[in-house]
Each structure stands twice: as C-alpha cells, then as structure tokens.
1. With label points built 7 Å along Cα→Cβ from the Cα atoms of R27 and S187, find their separation and express it in nm.
2. Of the listed pairs K31/K150; K31/K220; K150/K215, which have alpha-carbon separations greater than 27 Å here?
3. In whole Å, what are the Cα extents of the range 21-114 along the three principal axes, biggest one first?
4. Enter the accessible area per residue of the chain (Å², integer; probe 1.4 Å; all protein chains in place).
5. Please report the relative contact order for the chain, taking Cα pairs under 8 Å with a sequence separation of at least 6, and give it as a percent rounded to a whole number.
6. Please find, in a Gaussian network model of the chain (springs between Cα atoms separated by less than 10 Å), the residue of G30, G43, G145 whose mean-square fluctuation is greatest.
7. Run the numbers for K215 and E196: contour at 0.36 nm per residue of separation, minus the present Cα-Cα distance, in nm.
8. Whose amide H sits under 5 Å from the amide H of G76, counting only residues 5 or more places off or on another chain, with H placed in the peptide plane?
Amino acid sequence: MNKVMLDRSATVRQIEQIGIVAVIRLRDPGKLRAVVDAIMAGGVRALEVTMTVPGAIELIRGLAPTLPEGFLLGAGTVIDPETARAVVDAGAQFVISPVFRRSVIEACHACGVPAAPGCFTPTEILEAHDAGADIVKVFPATALGPQYIKDVRAPLPQVKLMPTGGVTPDNAGDWIRAGAVAVAAGSSLLDASAIESGRYDVITANARKFVDNVKAARAK
C-alpha cells in the first residue's frame, strides 16, 4: 500500500473514530470560524463545508491552516472532478457528494483524499463501493431510518455507511447501533437560527449531545 492510500485510510479511520461530521450551509460565511469553535467545544472534530456556501472554496483555503491537529475539514456537495480537485487544493481532507459519480471518486483518489458519494439504493451503494468509495453517504436518509442501515449491511457488511438527512442528537445512537460507521448532521446540529443570533452555546450543546449519544451507542 502506497503513502497516498495510507493517508487516505488514516483519514477514513479518523472519520470513523470521530463518528460525527457536521454539515454546514451558512448564509453568512463570516460566521464559519465561530461555528467551528462551537462544535469543537462540544467535541465534534469533523466539518463538511458545502459548495452551496458562498465562496466555499476560498473559505476552506482560509480555514484549513488555522485548525488544530486532529480536526478534519472536508468539502461537500461536490459533483464534478474539477471541483473535487479545487477543494483538495484549497485544503479539504475529504470530499462528500450528494450523488455517485465515478469521476469524482477517481479525482479524489488521485489527490490522495477519501471520497464519500451519496447513494440511496443497495445497488447504487454496492456500485459506489466497487468504484472505490471510501465511505458511502446514505442520502437522503430522512425517509429510510436506522433499520435501513441494518438491512443493507446484513448482505453487504464490507461497505462503510454514513447516513445523512434525518440524523438528530436524539437518534444519532440508533444509526450507529444499526451499523453506520459515522453520521452526518446539518440543521439538527448547526441550528440556523442560533447561528444567526450568535447563540453559539446552542451549537456546542447540540454537538455535545451528538458526541455523548454516539459514544453511548458504541459502548453497548
């Protein structure tokens, strides 16, 4: 295994250990650093900046060198290989997509970072895994529920699944117990109204609840 693959594997292991990826879609990019500090205070140490945030690539470029060791910064809503290469060049350590595109996985791997494409059906999930997906983002998981993760993993135990959509502080542990390697959460963690009003203590409290419930699920 070459160094690039080792680095990629290490990042995947870190995502699994952290267990929660915060997904941010900010109206005001100027609040990004305060949000990062708030989730770190609550114990969440992985953040996905989506391409729907204005100036997302430059935000990643500015934020990446300022983060402490052990914090993972990724890019989300990446749907083409050109954007994948651009976000990695800016400092993204992992790339997440709402859809499965083989060309995006290939671009990520060429840059030495893990790719997590979005898939919905078992066929799609296996095809993405066979194409080299490091983690498969089950999306949108809102309509599925934790039982879906358990059902898919029964015949496909080799696939690392991370649900996105419908994951809350209260049910995060249910997804982990069902076999998810990690969960991704947006509005249920990064409350838009709390961010808007500068109540970052709410974000920290949400993060802490996510962390506690994931830890409790893994302890059983």
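The values are calculated or read from the model by the stated rules, or taken from the named source; none is laboratory data. Model, not experiment: these values are computed from the prediction. With ideal geometry, Cβ positions are generated from the backbone for all residues, glycine too; neighbour counts draw on all protein chains shown. These area figures cover heavy atoms from the full protein model, side chains too; ligands, DNA and RNA do not enter into them. Shrake-Rupley method; radii C 1.70, N 1.55, O 1.52, S 1.80 Å.
1. Those two pseudo-labels are separated by 1.2 nm.
2. Values: K31/K150 37 Å; K31/K220 37 Å; K150/K215 19 Å.
Checking Cα-Cα distances, K31/K150; K31/K220 exceed 27 Å.
3. Principal axes ranked by extent give 36, 27, 20 Å for the Cα atoms.
4. Values: 9480 Å² over 220 residues.
Spelled out: the 1.4 Å probe surface of the chain, per residue, equals 43 Å².
5. Values: 438 pairs, mean separation 46.1, N = 220.
Taking the mean separation of contacting Cα pairs over the length of the chain, I get 21 percent.
6. So, out of G30, G43, G145, the one fluctuating most is G30.
7. Values: separation 19, 0.36 × 19 = 6.84 nm, distance 2.93 nm.
Stretched fully, the K215-E196 segment lengthens by 3.9 nm.
8. V49, T50, M51, I96
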